[in-house]
There are 2 protein chains.
Amino acid sequence: MNDTVKPYVIGVDLGGTNTVFGIVNQRGEVLCDNTIRTQEYATAEAFVEAGVACLQPLIEHVGGIATIKAMGIGAPNGNYYSGAIEHAPNLPWKGIVPLADMFSRALGIPVAMTNDANAAAMGEMIYGVARGMKNFIVITLGTGVGSGIVINGQLVYGHDGFAGELGHVTMVRGDEGRPCGCGRKGCLETYCSATGVARTAREILAKTDRPSLLRELDPEKIQSLDVSIAAGKGDAVAKEIFAFTGKMLGEACADFAAFSSPEAFIFFGGLTKAGDLLMKPIEEAYNAHVMGIFRNKAKFLVSGLMSSNAAVLGASALGWEIGE
Amino acid sequence: MNDTVKPYVIGVDLGGTNTVFGIVNQRGEVLCDNTIRTQEYATAEAFVEAGVACLQPLIEHVGGIATIKAMGIGAPNGNYYSGAIEHAPNLPWKGIVPLADMFSRALGIPVAMTNDANAAAMGEMIYGVARGMKNFIVITLGTGVGSGIVINGQLVYGHDGFAGELGHVTMVRGDEGRPCGCGRKGCLETYCSATGVARTAREILAKTDRPSLLRELDPEKIQSLDVSIAAGKGDAVAKEIFAFTGKMLGEACADFAAFSSPEAFIFFGGLTKAGDLLMKPIEEAYNAHVMGIFRNKAKFLVSGLMSSNAAVLGASALGWEIGE
């Protein structure tokens, strides 16, 4: 059977709360989707069974399993080489879970897995702002900071499948670095994730008595969205928080350029809604700190896949790569 | 004509002082070589003419140009994509010099160029300790710190051909970083090059009055080799200098792992003669600072190509890749 009669792939966005299954065509349109609650399934076996059951009506809808080329899963701690989720702290199944094999046996089609940030990079390359690019880095700014790195047109998985953890390069060395969920200190993620932005807000508010709309909120409950809203209203402190975040990201990107000299840095996730308030400081800090040979060369872009189905689309892109 | 009748490649190690031309067989043996003085040629045209003249007897020796598959050149600021040396500060020819094209026209064979650290990485992959590896990083510790990065079995050149400048990631941020030849501050190179080691020696000697064999030397004339010799004699200060250098390299490698998760870090150049005095602190600092998922996985190796012909061999490896 060739491509013309297998015109679809399945994309799966496996998250800590929900898992979304979608069927995607070659133009990158999500034709239909369905959701199950990840946490409801105590075992991976039960999860796969529920996933297959939730996929059945979607598969029927597009003409049966014979029309599906392959399935791609984006999941936290998803390892491309092993097709397994390995020690994901926020999922109910502990240890190493060979989810790609389990779905492949249940559905009878090839299944590949990668982590969520790599899926986003794949999505940008096939459907998004990185179309035609061979060297770029996607940086996801969410609860954490993730990354998907593309070099010579290929995702970088490294020797063990865990490459691309740019949220965990050290930006502040020594004891003054902020403690990170990974157990170390000073990681980029502690400054530039949504959580990091909220922490920066609390620190600035506590250290000074400058007036700010953010003072109307309980400091412990401030979220990055509150900072975005305040900045949008012209609040000087909120703008400074984004300037600090952007500067940290720009300096990190200057180091990443020395590594792989990408054509573009692409930012993905809720924080990018701050627009130029975030993106301008990133680009300025980058050009101020990068080696002369790289200055004013890289593009700084916001993801073109910001719809609610972006993660499904990214994961589905993996399906085109592995499908027979 | 096929490989069996084109059994040789030419490797060229173009340095600031000398340029060595060698003919290499498929087993990685340099059959014969010849040297010209780089600085004697005011124009690139005169240099190419002299190079071809110096190659003629070597080519005759192995049976004529029909036995040569291709030529590879390793040169400072050599760009793989353009085949040109671009703005090399230590060479007599300014601007952009399309040396690969010039040699190709003069000799009638394909010619490729890359920078010296990339040539070293290519050499390790084909002839050295990285045989069989698909993901590794070579770090050259010389007057400067260079790097050649291999991912998925390919050299990383990046969007513009200048990727792999790991000597210029920022290790000490802000004004307290040591000034670097690249015009910025705090680069890895300022701490871990031969020059950086000598500077560390001067700083430690000036700051303390601890006894050391290094105090017998004029501080301004101390070189990294003096530190090696003193350390070899058990000098505590000299050992501490290598421990500091190794710690800085190990912390840098921890960040590089987050990028590409290599199987091995391979160190090349005179400083590696310090052996465990340097290599142990590198590995210890790496495992102390790297993310948990990478800990105790990477190999730390010293180059297997430390003979005087290593650079020729590395450059020649490029010839096998591009030869028809």
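The values are calculated or read from the model by the stated rules, or taken from the named source; none is laboratory data. Source: prediction; values computed, not measured. Here the Cβ is made from the backbone with ideal geometry for all residues, glycine too, and neighbour counts use every protein chain on show. Ligands, DNA and RNA are stripped out before the accessible areas are found, and what is left, the full protein with its side chains, is counted by its heavy atoms. Shrake-Rupley method; radii C 1.70, N 1.55, O 1.52, S 1.80 Å.
Observations on the model:
- Complete set of residues in the range B:229-239 that are open to solvent by 40 Å² or more (accessible area, probe 1.4 Å) and either in contact with a Ser or Thr (Cβ under 6 Å, 6 or more places away or on another chain) or part of a helix (DSSP H, G or I) (or both): B:229, B:232, B:236, B:239
- Residues that are under 18 Å from residue B:271 (Cα atoms) and of a type outside the set (S, T, N, Q) within the range B:300-317 comprise B:300, B:301, B:302, B:304, B:305, B:306, B:310, B:311, listed in sequence order.
- Filter result for residue A:183 (under 25 Å from residue B:260 (Cα atoms) and open to solvent by 20 Å² or more (accessible area, probe 1.4 Å)): yes
- Condition met for residue B:85 (open to solvent by less than 30 Å² (accessible area, probe 1.4 Å) and assigned to a strand (DSSP E or B)): yes
- The range B:258-274, residues that are facing chain A (nearest Cβ under 8 Å) and either free of Cβ contacts under 8 Å to residues at least 24 places away in the same chain or more than 18 Å from residue B:123 (Cβ to Cβ) (or both): B:258, B:259, B:260, B:261
- Residue, farthest from residue B:119 (Cα to Cα), within the range B:49-75, restricted to residues that are crowded, with 20+ Cβ neighbours inside 10 Å and aliphatic (A, V, I, L, M): B:59
One line per residue, one yes/no per condition, for (1) surrounded by 24 or more Cβ atoms within 10 Å (Cβ to Cβ); (2) closer than 30 Å to residue A:79 by Cα; (3) out of contact with any Lys or Arg (no Cβ under 8 Å at 6 or more places or on another chain); (4) not small (Gly, Ala, Ser):
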| site | (1), (2), (3), (4) |
| --- | --- |
| B:222 | no, no, no, yes |
| B:246 | yes, no, no, no |
| B:270 | no, no, yes, no |
| B:283 | no, yes, yes, yes |
| B:288 | no, yes, yes, no |
| B:314 | yes, no, yes, no |
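- Being within 14 Å of chain B (Cβ to nearest Cβ), aromatic (Phe, Trp, Tyr) and surrounded by 23 or more Cβ atoms within 10 Å (Cβ to Cβ) is a property that residue A:242 lacks.
- Flag if residue B:254 is under 30 Å from residue A:161 (Cα atoms), open to solvent by less than 10 Å² (accessible area, probe 1.4 Å), modelled with pLDDT of 95 or more and more than 18 Å from the chain's Cα centre (by Cα): yes
- Residue check, residue B:46 open to solvent by 10 Å² or more (accessible area, probe 1.4 Å) and under 16 Å from residue B:85 (Cβ atoms): yes
- Taken over the range A:277-300, the criterion of being in contact with a Phe, Trp or Tyr (Cβ under 9 Å, 6 or more places away or on another chain), aliphatic (A, V, I, L, M) and within 14 Å of chain B (Cβ to nearest Cβ) is satisfied by A:291, A:293, A:298.
- When residue A:260 is tested against (1) surrounded by 23 or more Cβ atoms within 10 Å (Cβ to Cβ); (2) touching a Cys at 6+ places or on another chain (Cβ under 8 Å), exactly one condition is not met: (2).
- Here is the figure for the range A:290-308: residues that are surrounded by fewer than 19 Cβ atoms within 10 Å (Cβ to Cβ) and part of a loop (DSSP other than H, G, I, E, B) total 7.
- Matching strands (runs of 3 or more DSSP E) fully within the range B:102-204 where at least 1 residues are within 14 Å of chain A (Cβ to nearest Cβ) and under 30 Å from residue B:231 (Cβ atoms): B:136-141, B:145-151
- Among the conditions (1) more than 22 Å from residue B:171 (Cα to Cα); (2) touching a residue at least 24 places away in the same chain (Cβ under 8 Å), the only one that residue B:251 does not satisfy is (1).
- Matching option when the condition is modelled with pLDDT under 95, charged (D, E, K, R) and farther than 27 Å from residue B:199 by Cα, among B:131, B:105: B:131
- Test for residue A:193: is it touching a residue at least 40 places away in the same chain (Cβ under 8 Å) and closer than 23 Å to residue B:293 by Cα: yes
Residue by residue, here is whether (1) closer than 17 Å to residue B:135 by Cα; (2) aromatic (Phe, Trp, Tyr); (3) touching a helix residue (DSSP H, G or I) at 6+ places or on another chain (Cβ under 8 Å) holds:
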| position | (1), (2), (3) |
| --- | --- |
| B:254 | yes, no, yes |
| B:264 | yes, no, no |
| B:272 | no, no, yes |
| B:279 | no, no, yes |
| B:283 | no, no, yes |
| B:296 | yes, no, yes |
| B:313 | no, no, yes |
| B:318 | no, no, yes |
| B:321 | no, no, yes |
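- Close pairs from the range B:118-146: first open to solvent by less than 10 Å² (accessible area, probe 1.4 Å) and among the aromatic types (Phe, Trp, Tyr), partner assigned to a helix (DSSP H, G or I) and at pLDDT 95 or above, Cβ under 9 Å, at least 6 apart: none
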